[in-house]
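Just so it is clear, none of the values below were taken in a lab; they were calculated from the coordinates. Remember, it's a predicted structure, so these values are computed and weren't measured experimentally. Cβ placement follows ideal geometry from the backbone for every residue including glycine, while neighbour counts extend to all protein chains displayed.
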Amino acid sequence: MAQPMIEIKNVAKEYRLGAIGGKTLNAEIQSKFAKLRGKDDPNKKLGEKDVEYGKKFMALDGVTFNANEGEAIGIIGHNGAGKSTLLKLISQVTAPSSGEIILRGRVASMLEVGTGFHPELTGRENVYLNGAILGMTKSEIDKKFDEIVEFAEMGKFIDTPVKRYSSGMYVKLAFSVAAHLDSEIMIMDEVLAVGDSKFQNKCLGKMSDEAGSGGRTILYVSHNMSTIQRLCTRVVVLDHGKVVYDGDTAGGVARYLSVNRDDCTRSELENVERNKMCKLGAQMLLATLPDKENNLFLQGGKMRFRLKWKTNKNLMNVVLRVYLNHMTSSPVGFTSVPFGDCKAGNVYESDVELDLNGIVPGSYYIGCEFHEIDSAGTAVWHDYVQNMLQIEILENQQIVLAKADYTNKIPWNHNMWGALRINSELAEHKEVK
């Protein structure tokens, strides 16, 4: 059995909080004597609160996992979970406080924009500098140079000092260097988020090819769950410096979205501030995802959404419109549910079942509006809440495999391609008061 390319054995990284030894000797003595006498520190900045300088903080605590040849592993977790610290240890930027990391191969890493680039050198010179850092000879870099420049789309800028590059240009060249120079291990932090969507998809395709037929081991950190699902076959979830999940991608994404998350299946609406145009003849009180412990749904499946609402006046031809908005606030889909005439003072619970077929994986918000068609045929707007519940639609591998290959490489453009009408049905409707 082949040995893993990366072995991480009970790794911990400890830091100390505050500025340690940041004062002159005279200032340190003044502060010490003031503390012994119970006085305020004379060197403390105006408005500065007391800090426990030197208090220990475990950025990583007992992390253990292996990465095999050809694996693309997603490292995910909330901000401060230890993802970037772990990548710095594997890249040998810093050393672990305890534990052991074994690497079997050369490592190419992008930990932040411009890592390993000298601002005064040109793009061409930095390509050779990066190659030398990876242990490659000049002749080896010569063979790859044209491919690097072409992939990065940097032809006319390659002899310009990189200090004049935009952050996107930095990322293009840095990724191209890391992807094309000969290394067995490739490490990518969140840096791809700086590039445009076209180049991001180009990079994801390249990494997928490198991990598959190329046999490279890839560690990829991102908060974009769609790219994690597209690239990675395995996910490691970190939470407060510990590994809380190591397994398949779908399960890892679900675990990440549920870690340290507030109640995402319920939204109180009665006291939400409304637009002044809302008449509130029909008013929303509560939105829930019934029979769900989380807000995760599978692409192509069904979603049941429950709305509790009341009527404050007699209404004719009441219509509920349910919106599905992308997290960028772009409208993706909608459906309408008619309720007919409603008397004042009633409270209802209405379950609407939405068909998620045709909705691509990602983060979405549910929004709702109530309007009434009056005797003149005019729509009267009674209530509207744009983003009441957030849901996550996860990739369904069966659907992905059934698609033509080219569809996996084209991201859905919500702004350009617009909204779609979602199939739905009123699954249950009852008066509760």
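Based on alpha-carbon atoms only, what is the radius of gyration of the stretch 263-394 relative to the globular estimate 2.2 N^0.38 Å? Don't skip to the end; give the middle numbers.
Numbers: Rg = 14.7 Å, N = 132, 2.2 N^0.38 = 14.1 Å.
Cα-based Rg divided by the globular estimate yields 1.05.
For Arg234 and Leu129, FRET efficiency with R0 = 22 Å and r from the beta-carbon atoms, rounded to 0.05?
Working: r = 33 Å, r/R0 = 1.49.
It comes to 0.10.
Taking the number of other C-beta atoms within 10 Å as the exposure measure, put Ile158, Ile185, Ile373, Ile102 in order starting with the fewest.
Neighbour counts put them in this order, fewest first: Ile102, Ile373, Ile158, Ile185.
Exposure proxy check: Met207, Met58 ranked by fewest other beta carbons within 10 Å?
Details: Met207 25, Met58 15.
Ascending Cβ contact count within 10 Å gives the list Met58, Met207.
Can you return the aspartates and glutamates within cross-link range of Lys88? Criterion is Cα-Cα under 16 Å, with same-chain partners fewer than 8 residues away left out.
Here the aspartates and glutamates satisfying the reach criterion relative to Lys88 are Glu7, Glu14, Asp61, Glu100, Glu112, Asp189, Glu190.
Looking at this model, which pairs from Lys202/Lys242; Lys9/Lys202; Lys343/Lys430; Lys172/Lys242 are more than 23 angstrom apart at the alpha-carbon? Don't skip to the end; give the middle numbers.
Details: Lys202/Lys242 32 Å; Lys9/Lys202 34 Å; Lys343/Lys430 14 Å; Lys172/Lys242 32 Å.
The pairs that break the limit, which is 23 Å between Cα atoms, are Lys202/Lys242; Lys9/Lys202; Lys172/Lys242.
Once you have the Cα-Cα distance between Glu150 and Lys276, take 0.36 nm times their residue separation minus that, and quote the gain in nm to one decimal. List each step's numbers first, then the result.
Working: separation 126, 0.36 × 126 = 45.36 nm, distance 5.46 nm.
Working it through step by step, the gained length comes to 39.9 nm.
Between Glu353 and His78, what is the label-point separation in nm under the 7 Å Cα-to-beta-carbon projection?
3.5 nm
Among the lysines, which fall within straight-line cross-link reach of Lys292, defined as a Cα-Cα distance under 16 Å, with same-chain neighbours fewer than 8 residues apart omitted?
The reachable lysines, counting only those whose Cα sits under 16 Å from Lys292, are Lys302.
Round to a whole angstrom and tell me the spacing of the C-alpha centers of the stretch 150-191 and the stretch 54-132.
Value for the Cα centre distance between the two parts: 17 Å.
Compute the FRET efficiency between Ala95 and Ser213 as 1/(1 + (r/R0)^6), taking r as their Cβ-Cβ distance and R0 = 35 Å, and round to the nearest 0.05.
Values: r = 34 Å, r/R0 = 0.98.
So the FRET efficiency works out to roughly 0.55.
If we sort 343-350, 272-279, 122-129, 299-306 on the protection proxy, mean other Cβ atoms within 10 Å, highest first, what's the order? Spell out each step's value before the answer.
Working: 343-350: 14.6, 272-279: 11.6, 122-129: 20.1, 299-306: 18.2.
Per-residue mean Cβ counts within 10 Å order the peptides as 122-129, 299-306, 343-350, 272-279.
Can you compute the FRET efficiency between Tyr15 and Val244 using 1/(1 + (r/R0)^6), with r the Cβ-Cβ distance and R0 = 22 Å? Round to the nearest 0.05.
Details: r = 21 Å, r/R0 = 0.94.
It comes out at approximately 0.60.
Over the stretch 97-154, what per residue volume does the convex hull of the Cα atoms give, in whole Å³?
121 Å³
Please work out the Cα convex hull volume for the stretch 173-244 and give it in Å³ per residue.
Numbers: hull volume 7.4 nm³, N = 72.
In the stretch 173-244, the Cα hull volume divided by residue count equals 102 Å³.
List Thr378, Thr335, Thr160 from most exposed to least, where exposure is judged by having the fewest other Cβ atoms within 10 Å. Before the final figure, lay out the partial values.
On the way: Thr378 9, Thr335 20, Thr160 14.
Taking fewest neighbouring Cβ atoms as first place, the list is Thr378, Thr160, Thr335.
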